[in-house]
1. Only one of A59, A30, A44 is free of Cβ contacts under 8 Å to residues at least 40 places away in the same chain and of a type in the set (G, A, S); which?
2. Any idea which of S136, S116 is more than 22 Å from the chain's Cα centre (by Cα) and open to solvent by less than 20 Å² (accessible area, probe 1.4 Å)?
3. For the range 173-204, which residues satisfy the criterion of being open to solvent by less than 10 Å² (accessible area, probe 1.4 Å) and modelled with pLDDT under 90?
4. Of the numbered conditions (1) open to solvent by 90 Å² or more (accessible area, probe 1.4 Å); (2) modelled with pLDDT under 85, G463 fails exactly one; give the number of that condition.
5. Pairs under 6 Å by beta carbon, first residue more than 30 Å from L9 (Cα to Cα) in the range 78-99, partner open to solvent by 20 Å² or more (accessible area, probe 1.4 Å), six or more apart or different chains?
6. Can you name every residue in the range 283-294 that is closer than 19 Å to D222 by Cβ, surrounded by 23 or more Cβ atoms within 10 Å (Cβ to Cβ) and not β-branched (V, I, T)?
Amino acid sequence: MFDNLTDRLSNSFKALQGKSKLSESNIKDAIREVRRSLLEADVALEVIKVFIDKVQVQAIGLKVSEGLTPSQAFIKLVERELTEIIGGENETLNLATQPPAVIMVAGLQGSGKTTSIAKLARYLKEQQKKKVLLVSADVYRPAAIEQLKILAEQIEVDFFPSVIEDKPEIIVAEAKKQAQRQFHDVLLVDTAGRLHVDDQMMSEIQILQKKVNPIETLFVVDSMTGQDAAHTAKVFSDTLPLTGVILTKTDGDARGGAALSVRHITGKPIKFLGVGEKTDALEPFHPDRIVSRLLGMGDVLSLVEEISKKVDHKKAKKTVQKMAKGRFDLDDMREQLIQMQQMGGMGALMDKMPGMSQLPQNVKNQVIGDTESNRMVAIINSMTPKERSHIKLIKGSRKQRIANGSGTDVQHVNKLLRQFEKMQKTMKKMKGGKMKKMMQQMGQMQGEGGMPDLSKMPGGLPGMGGKNFPS
């Protein structure tokens, strides 16, 4: 996410590397590079001007704190001002009303509006333990009603049926009555989308908004459209009392222009990011964490939250217990690969790790990708239970059978076995005091419902060369 901007900003700061102090000349060079980075990222011009003006004024009289280099002091200033531009702090949904809390969602066709509603429903159900009812008021696109119904079934939340012959305000009024009768906490309303902003669309959505009187009105916008996303959001914001924005398709947005422009142009906070196609691919928007990732500092807090939500802690504890006894087999390796996939793959995790943007591309390419991970799981699945626990049995004809069963070849089977043997040796070294320490942290994680302190885990994160997270 926003990889291009991260790389460009990192290059911008090189103008100050090796300098003993900040001067008007070298600050000017650095700011010129930052401006160029933002322009190439398709950040709106008015946002760039406000941001650069603020940085320039503060940088000239900037005092370098003890322990910081001039480059680090400048980065800290950029971090502070970027965070302020995109919102300062995370703003959560306001559900403080007599149930059901009505959330109306608007957006153009193709922005990912209907899918975002399903993601939001799942988030409310799983993270906030809310009883949710979905309803579609899109009477112009029959497929939209069916799409939302199917998504509601997939995420196991209630759905209020609607037909295209009814008026949107009548549909929502009836849905609200049902939500009250059945004690739903939240009613999520999908509204009609258009291919472009037009007077008819804006008039209809205004009428619906006044009839429904939602506590939250969210606008869904495609981040891939860059600064156009911010200006489209502005048009809606001028017409509707928006309370926030959901920025979609950020996993495919290498530029980041929309994320840096929306808040300043609309005055409305970005509340969520769509980070993938699956219904669990929705993240609360934390300006400080996004800026930290943009500047190559990682996002350890989001990483820990991701692990806490998606790792099966009982299975993880069981694996550690086996490791403590010196037992680690291919079933355990497969379990680790599957849990990694559930967290979005190694690429998604690396995006949140400090310093990853500074790694050379050839080093990044050595990390297990999604395709490789799927292949490894398929190979292990093609083995018998006995083979998974006794790899010495896997020779000759067995390797060929496993390759055939997994749709791979013998070379891939050999590669997996070599990787497993390396992991097994590492696990054996962790026996004793280091293992006891990990067990204690796993126990704390189970008892407190949180996560262990990754920076103190023996050996750091597996696969990262034994280095710990920066504290």
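1. Of A59, A30, A44, the one residue that is free of Cβ contacts under 8 Å to residues at least 40 places away in the same chain and of a type in the set (G, A, S) is A59.
2. Numbers: S116 fails: more than 22 Å from the chain's Cα centre (by Cα).
After ruling out the rest, the residue left standing is S136.
3. T191, G193, M201
4. (1)
5. That search, which allows pairs on different chains as well, returns N94/I215; T97/I215; P99/D185.
6. F285
Yes/no matrix, rows are residues, columns are (1) among the basic types (K, R); (2) at pLDDT below 85; (3) on the phi < 0 side of the Ramachandran plot:
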site	(1), (2), (3)
L9	no, yes, yes
G18	no, yes, no
L22	no, yes, yes
S25	no, yes, yes
V34	no, yes, yes
A41	no, yes, yes
L45	no, no, yes
I48	no, no, yes
K54	yes, no, yes
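Residue by residue, here is whether (1) outside any helix (DSSP H, G or I); (2) crowded, with 18+ Cβ neighbours inside 10 Å; (3) modelled with pLDDT under 80 holds:
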| position | (1), (2), (3) |
| --- | --- |
| G67 | yes, no, yes |
| E79 | no, no, no |
| T83 | no, yes, no |
| A96 | yes, no, no |
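The values are calculated or read from the model by the stated rules, or taken from the named source; none is laboratory data. Note that the structure is predicted; figures quoted are calculated from it, not measured. Positions of Cβ are generated from backbone atoms using ideal geometry, with glycine treated the same way; all protein chains shown enter the neighbour counts. These accessible areas exclude ligands, DNA and RNA; they are computed on the full protein's heavy atoms, side chains included. Shrake-Rupley method; radii C 1.70, N 1.55, O 1.52, S 1.80 Å.
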